[in-house]
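Asker: Below are the structure tokens for one structure; questions will follow.
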Amino acid sequence: MSKPKVFVTRLILDSGLRLVQDFCDVDLWADELPPPREALLKRVRGVDGLLCLLTDQIDAEVMDAAGPQLKVISNHAVGYDNINVAEATARCIPVGNTPGILTDATADLTFALLLAAARRVVEAERFVRQGKWKTWGPALLLGMDVSGATLGIVGYGRIGQAVARRAVGFGMRILYYDPAAVPPASLPAQPVDFETLLRESDFVSLHTPLTSQTYHLINADSLALMKPTAVLINTARGPVVDPQALYMALKTRRIFAAALDVTDPEPLPMDSPLLELDNLIILPHIASASRSSREQMSRMAAENLLAGLRGERLPNCVNPEVYEKLKVTRASNA
Ligand code: DGY
């Protein structure tokens, strides 16, 4: 029997890639950079399954180029703003993602950024390497206290709550804003409205998906509400923050500092004014980049892909309503 045809848009870790190679006829894009649009449109032609990354825009054009036999789209990420899910649902194509396994890695990196921005760790390290360290000084590189400070978490899902658990250890007061949250009773976190969170927090940490409601949620108006001593951390998606507004807020010391694992665009061009700022830390979207998280992401993305190809329910499906639609379609065809 012939194997299903799949396109894998980048070299993923072995744990998942081997699984896919065992069961499928794999076309693998092995370059370091993502497939350019033209190549993506060409390589998806006739595939039964697509395993893609957050760097691939999967929209109606890609689904059309693939053809009506496309059975599953599996995203190697928990976030899926790169996929037009409504379009996939309309075509009864289940879309998979990789939730849960990168929660701790992302929360750990959020805290690494929070501590680094508060205590100017990156700036201080640069200071040493640049030969500026002459002596111990009472006012040298003063930062902000983390212990006992107020942390405002925007988006209180799995990752937001994992950040809150870490904050408990630092004796922080925890606020969160998330109208849709189902918070665990075990965490001492207080729900507040967005304005209260911005006004009262010493640290504002973003953990919301990118949607039309969260695009530029942090803009000039929201930054104006924050304390001048506040630190902003973004490990969610770049476009949740308006980069021009952030630049002005940091440049004019409207807020103390920021730390971004995600930017808009990615990668940030080398002539971006953000790169001139001393009070900003920027990382290249590595929050989930621990070996074990990336191995598990690879495996979970492969398992979603294989389940979809077999016509089984995806272990992690972002549009489970497709199964209702498929039932109705099958019943009316019977
Ligand atoms: C995700 O999974 O959405 C992260 O941004 C990358 O791991």
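Asker: If you take the C-alpha gyration tensor of the chain, multiply each eigenvalue by 5 and take the square root, what semi-axes do you get, largest first, in whole Å? Numbers along the way, then the final one.
Answerer: Values: eigenvalues 322, 98, 63 Å².
With the √(5λ) rule applied to the chain, the semi-axes are 40, 22, 18 Å.
Asker: On average, how much accessible surface per residue is there in the chain, in Å², for a 1.4 Å probe, leaving out ligands, DNA and RNA? The partial results should precede the final answer.
Answerer: Values: 16370 Å² over 334 residues.
Ligands and nucleic acids excluded, the figure is 49 Å² per residue.
Asker: Another question about this same structure. Just round it to a whole percent: the fraction of Cα-Cα distances in region 217-281 exceeding 18 Å.
Answerer: Summing the P(r) tail past 18 Å for region 217-281 gives 25 percent.
Asker: Leaving out ligands, DNA and RNA, what percent of the accessible area of region 103-282 is carbon and sulfur, probe 1.4 Å?
Answerer: 57
Asker: Measuring from centroid to centroid over Cα atoms, what is the spacing of region 266-329 and region 100-130 in Å?
Answerer: Using only Cα atoms to place each centre, the spacing works out to 22 Å.
Asker: Quick one: how many Å² of Met300 are accessible to a 1.4 Å probe, rounded to 10?
Answerer: The accessible area of Met300 comes to roughly 30 Å².
Asker: Next question. Provide, for the chain, the number of lysine pairs with alpha carbons under 23 Å apart, each pair being eight or more places apart or on different chains.
Answerer: Here the count comes out as 9.
Asker: What number, rounded to the nearest 500 deg cm²/dmol, is the helix-based mean residue ellipticity at 222 nm of the chain, given -39500 (n - 2.57) per DSSP H run of at least four residues and division by all its residues?
Answerer: Numbers: 12 runs with 121 residues, N = 334.
One gets -10500 deg cm²/dmol as the mean residue ellipticity at 222 nm.
Asker: Roll a 1.4 Å probe over the protein heavy atoms and report the accessible area of Asp278 in Å², nearest 10.
Answerer: Asp278 exposes around 90 Å² with every protein chain in place.
Asker: Taking all protein chains together and a probe of 1.4 Å, list Phe23, Phe194 from the most accessible to the least accessible. Can you show the working numbers first?
Answerer: Numbers: Phe23 110, Phe194 40 Å².
Output order, biggest surface exposure first: Phe23, Phe194.
Asker: Now, a different point. Suppose the Debye formula is applied to equal point scatterers at every Cα of region 103-282; what is log10 I(q)/I(0) at q = 0.10, 0.13, 0.18 Å⁻¹?
Answerer: Here log10 of I(q) over I(0) equals -0.37, -0.62, -1.18.
Asker: For the residue pair Val328 and Phe194, what label-to-label distance in nm results when each label sits 7 Å from Cα along the Cα-to-beta-carbon direction?
Answerer: 3.2
Asker: What figure, in Å² to the nearest 10, do you get for the accessible area of Cys24 with a 1.4 Å probe and non-protein molecules left out?
Answerer: 10
The values are calculated or read from the model by the stated rules, or taken from the named source; none is laboratory data. Owing to the predicted nature of the structure, the values given are computational and were not obtained by experimental measurement. Please note: Cβ atoms are built from the backbone with ideal geometry, for glycine as well, and neighbour counts cover all protein chains shown. Accessible surface is based on the protein model in full, side chains and every heavy atom, while ligands, DNA and RNA are left aside. Shrake-Rupley method; radii C 1.70, N 1.55, O 1.52, S 1.80 Å.
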